[in-house]
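Okay, so here's the structure we're looking at.
The values are calculated or read from the model by the stated rules, or taken from the named source; none is laboratory data. Because the structure is predicted, anything quoted here is derived from the model rather than measured. Here the Cβ is made from the backbone with ideal geometry for all residues, glycine too, and neighbour counts use every protein chain on show. What goes into the accessible areas is simple: the full protein's heavy atoms, side chains included, and nothing from ligands, DNA or RNA. Shrake-Rupley method; radii C 1.70, N 1.55, O 1.52, S 1.80 Å.
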Amino acid sequence: MDKIKIAIAGIGNCASSLIQGIEYYKDNNDKEAIGLMHWEIGGYKPSDIEVVEAFDIDERKVGKDISDAIFEAPNCTTIFCDDVPKSGVRVKMGKILDGYSDHMENYSDNNAFVLSNEKESNKDDIVKALKDSGTEMLVNYLPVGSEEATRFYAECALEAGVAFINSMPVFIASNPEWSERFNEKNIPIIGDDIKAQIGATIVHRTLSHLFQNRGVKIDRTYQLNTGGNTDFLNMLNRDRLNSKKKSKTEAVQSVLDEPMDDDNIHVGPSDYVAWQKDNKVCFLRMEGRLFGDVPMNLEMRLSVEDSPNSGGVVIDAIRCCKLAIDRNQGGILYSPSAYFMKHPPIQYSDDEAYNMTNEFIDGRRNY
């Protein structure tokens, strides 16, 4: 099979996990490949993905081979593959815009971004880099709250004619104006806001669906999350939280027949704990009523390494996007978006989205 050529905007923990995973699974077979939802998609294995272009704004990453940049501070995710070979791809200076929050200046360089003094790339620079490198799709891994920067890279993808996978909670695929632009150019797009394999949102959705199917009335619920990576540090600036909270809340509300009142549901990041690093801890509580209006409640604590938890999902999203390119199918990929993302253009139950995505992979569904 030909390589799937991707570019990445934002060489943080998620990019590190993805690139480590591409190498990690290279010598595995379908029996040994723990942690993947699909070993093979349309003939493509994880090792068929090749990063051909990369953009960041941190001085410790810009100019370095991407195989080295993924291990630079402030990246702090688990290293499960420390022998990533040199790629020959050097990280280019991106466009800052709102990808950097000023409050990071109050934290140590080891935990926060350090802006590079390199000249920022403009749209023409990035479009040219995407075209010259043969990029087929651009994966957006920018920090939470990077509204302007995400729209900038989506614009670059459109102009370069490359597909766009929006892993972040900025609404592109789920925004009718943006999605129509990708439809008009017949360019595939998957988004928005990546789900983890077993993360807070997917567990909360599953339990909410279970309560509803078992006749339990959910009265109140919260999901509180803490972590020590740069995403959680970013979100200490509450102005950067709006789309993230909306994405996570709607992901839970969408599985209920009747949405809960806003006062009775709280879903969102809670605090930054530096020593947790890339470990994310979720505290989940659900209060409801059983037969006879008898009250019950459930409390759960979930601890996961945040970035590897999404790596396998993105690997599947990339390969589904490649299938659309091979089939000359553009616009919103509704089925993969519903299965892989928290805030897709159309919400489906996880079981429906799973079946729809498998039908898409098998060629029985176009979108």
Review point. Ignoring ligands, DNA and RNA, what percent of the accessible area of the chain is carbon or sulfur (1.4 Å)?
Key: 45 percent
Check your understanding: Counting each DSSP H run of 4 or more residues in the chain as -39500 (n - 2.57), what helix-only mean residue ellipticity at 222 nm follows after dividing by all residues, to the nearest 500 deg cm²/dmol?
Key -> -10000 deg cm²/dmol
Check your understanding: How many angstrom separate the Cα center of the range 50-79 from the Cα center of the range 299-361?
Key -> 25 Å
**Study point:** Heavy atoms of Tyr222: accessible area, 1.4 Å probe, square angstrom to 10
**Key:** 80 Å²
Practice item. Beta carbons within 10 angstrom, averaged per residue: use that to sort the peptides 72-83, 18-29, 329-340, 181-192, highest first. Key: 329-340, 181-192, 18-29, 72-83
Practice item. Could you order peptides 271-279, 197-205 by the average number of other Cβ atoms within 10 Å of their residues, highest first? Key: 197-205, 271-279
Exercise for review: Name the long-range amide H neighbours of Asp219: under 5 Å, sequence gap of 5 or more, or other chain; modelled H, no Pro or chain starts.
Suggested key: Glu287, Gly288, Arg289
Exercise for review: Provide the per residue accessible area, probe 1.4 Å, for the range 139-182, rounded to a whole number of square angstrom.
Suggested key: 27 Å²
**Study point:** Residues of the range 61-130: accessible area per residue with a 1.4 Å probe, Å²
**Key:** 52 Å²
Review point. How much accessible surface does Met1 have with a 1.4 Å probe, in Å² rounded to 10?
Key: 130 Å²
Study note, to complete from the structure: Output ordering of 244-257, 95-108 (per-residue mean of other Cβ within 10 Å, highest first) is 244-257, 95-108
Check your understanding: Say the cut-off is 20 Å between C-alpha atoms; which of Lys45/Lys322; Lys92/Lys322; Lys3/Lys26; Lys92/Lys280; Lys131/Lys185 go over it?
Key -> Lys92/Lys322; Lys92/Lys280
Check your understanding: Over the heavy atoms of Val162, what accessible area does a 1.4 Å probe trace out, to the nearest 10 Å²?
Key -> 10 Å²
Revision key, fill the gap. With the 1.4 Å probe rolled over protein heavy atoms, the range 234-295 has an accessible area per residue in Å² of 54 Å²
Point to revise | Rounded to 5, percent antiparallel among DSSP beta bridges of the chain | key: 45 percent
Revision key, fill the gap. One would report the antiparallel percent of DSSP beta bridges in the range 1-147, rounded to the nearest 5, as 20 percent
